[in-house]
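Please read the structure below before turning to the comments.
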Amino acid sequence: MLEIQNLHASVDGNPILNGIDLSVKAGEVHAIMGPNGSGKSTLGKVLAGLEDYEVTQGSIQYAGQDLLELSVEERAQQGIFLGFQYPVEVPGVSNTYFLKTALNAHMKLLEMDNRYKKRFVNVGFSGGEKKRNEILQMALLEPKMCILDETDSGLDVDAMKLVSQGVNALRDAGRGFLVITHYQRLLDHIQPDVVHIMSDGRIVKTGGPELALEVEQNGYADILEEVA
Ligand code: ADP
Ligand code: MG
């Protein structure tokens, strides 16, 4: 579904991604971990096609086509969904309009009651409500490739469970996930198939769920030393 080869990308002329190789098959959940500033969010933004992120080398194949040829809108239309680390507020646009159809089942799943439909997108929502809203949007858009950037940040334990349930309900043989996270605890709820550790714009180690446990126990220092 997603095949990234030797991806280099810069922001304002500063190289941030320094040769990423990553392959996500349909149905797989890949977690991306790594210290602050290692380029995790940048990778998500490059995949979504946000401007300011310039690909200087390498290739990205998505569903059999050259992703880099597609505009940000085309990528969204073709099923790329990026959940933001910090969701934006959109005054004046009601959630009803934004989501087109309110899918009550999804809202129930995320324990969001009807009054959220009438609210302006994310305005005055708590951090946890913004994240649940994001998973709701994702559920309605039925994306093929879901990129979730620190969906766990700012969530209390119960909200994290709800968000994880939302993600797990969307797991499907035709859908791939990149879950960017700092914390093993999210991965207790969303069991990844593959875990990657990023450092300095590269994936320096890849393994199974046990790799996330190793990070939780020992931090990144050991792994980074081992691969240095
Ligand atoms: P992570 O999500 O892993 O914490 P980011 O992808 O946000 O890391 O950032 C990686 C590096 O790129 C950081 O050093 C950050 O300062 C830099 N960076 C990210 N966005 C920009 C930008 N718009 N302009 C300049 N530098 C940026
Ligand atoms: Mg980030």
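What follows is calculated from the coordinates using simple rules that are stated; it is not laboratory data. Fair warning: this is a prediction, and the values are worked out from it, not measured in the lab. With ideal geometry, Cβ positions are generated from the backbone for all residues, glycine too; neighbour counts draw on all protein chains shown.
Here's a check for you: in region 203-228, which residue that is within 19 Å of His30 (Cβ to Cβ) and acidic (Asp, Glu) is surrounded by the most Cβ atoms within 10 Å (Cβ to Cβ)? The residue in question is Glu214.
Okay, residues lined up against (1) touching a helix residue (DSSP H, G or I) at 6+ places or on another chain (Cβ under 7 Å); (2) within 11 Å of ligand 1 (Cβ to nearest atom); (3) over 18 Å from Asp149 (Cα atoms); (4) not hydrophobic (A, V, I, L, M, F, W, C):
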site: Leu17; (1), (2), (3), (4): yes, yes, no, no
site: Val24; (1), (2), (3), (4): no, no, no, no
site: Ser41; (1), (2), (3), (4): no, yes, no, yes
site: Tyr53; (1), (2), (3), (4): yes, yes, no, yes
site: Gly58; (1), (2), (3), (4): no, no, yes, yes
site: Tyr62; (1), (2), (3), (4): no, no, yes, yes
site: Gln65; (1), (2), (3), (4): no, no, yes, yes
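Of the residues making up region 36-68, those that are more than 16 Å from ligand 2 (Cβ to nearest atom), surrounded by fewer than 14 Cβ atoms within 10 Å (Cβ to Cβ) and touching a residue at least 40 places away in the same chain (Cβ under 8 Å) are Thr56, Ser59.
Scanning region 168-202 for residues that are among the hydrophobic types (A, V, I, L, M, F, W, C) and surrounded by fewer than 22 Cβ atoms within 10 Å (Cβ to Cβ), we see that the one that is farthest from Glu216 (Cα to Cα) is Ala173. Put simply, of Leu155, Leu140, Leu136 the only residue that is more than 16 Å from ligand 1 (Cβ to nearest atom), buried (at least 21 other Cβ atoms within 10 Å of the Cβ) and more than 29 Å from Gly37 (Cβ to Cβ) is Leu136.
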